[in-house]
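Single-structure report; data block below.
The values are calculated or read from the model by the stated rules, or taken from the named source; none is laboratory data. Since the structure is predicted, the reported quantities are computational estimates derived from the model, not experimental observations. Counting neighbours? That spans all protein chains shown, and the Cβs are built from the backbone with ideal geometry, glycine included. Please note that ligands, DNA and RNA were not included when accessible areas were found on the heavy atoms of the full protein model with its side chains. Shrake-Rupley method; radii C 1.70, N 1.55, O 1.52, S 1.80 Å.
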Amino acid sequence: MYIEISADHRELMVYEKESVILRRYPVLMIRGEWILFADQKDGRMEILAAR
């Protein structure tokens, strides 16, 4: 499993295999090596981070 940022830096994709996307998340902000992105669960917005 690995992650990738779209070329326009608007979307974070989580891949299971090379071409199998599991989830897509909107990117909120990129700071250095940290990426903040949003997920919605149970009607609430969660802010998550990846590095």
* Val20 versus Ile5: modelled label distance in nm, points set 7 Å from Cα along the beta carbon direction -> 2.7 nm
* To do: Hey, can you find the accessible area per residue of the chain for me, probe 1.4 Å, expressed in square angstrom?
  => 81 Å²
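Sorting Met13, Met29, Met45, Met1 by accessible area (1.4 Å probe), largest first, what list results? Numbers along the way, then the final one.
On the way: Met13 15, Met29 75, Met45 120, Met1 170 Å².
If we order Met13, Met29, Met45, Met1 from most to least accessible, we get Met1, Met45, Met29, Met13.
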* Structure fact -> For Ala38, the net charge from surrounding residues (Cβ-Cβ under 13 Å; K, R +1; D, E -1) works out to +2
* **Rounded to whole Hz, the Karplus (6.51, -1.76, 1.60) HN-Hα couplings of the stretch 30-41, x for glycine and proline** => 10, 10, x, 9, 9, 10, 9, 9, 10, 9, 10, 9
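Sort Leu22, Leu48 by accessible area with a 1.4 Å probe, largest first. Let's see the in-between values first.
Working: Leu22 85, Leu48 55 Å².
Descending accessible area places them as Leu22, Leu48.
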* Of the labelled options [x] 1.26; [y] 1.13; [z] 1.02, which one gives Cα Rg over 2.2 N^0.38 Å as computed for this structure? -> [y]
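Calculate the dipole size of the chain relative to its Cα centre from +1 charges on Lys and Arg beta carbons and -1 charges on Asp and Glu beta carbons; express the result in debye to the nearest 20. If you can, show how the numbers build up before the last one.
Details: 8 positive and 9 negative charges, 24 e Å.
Using only the charged Cβ atoms, the result is roughly 120 debye.
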* Put +1 on the Cβ of every Lys and Arg and -1 on every Asp and Glu Cβ in the chain; which of Ile35, Ile3, Met13 then has its Cα farthest towards the positive end of the dipole? -> Ile35
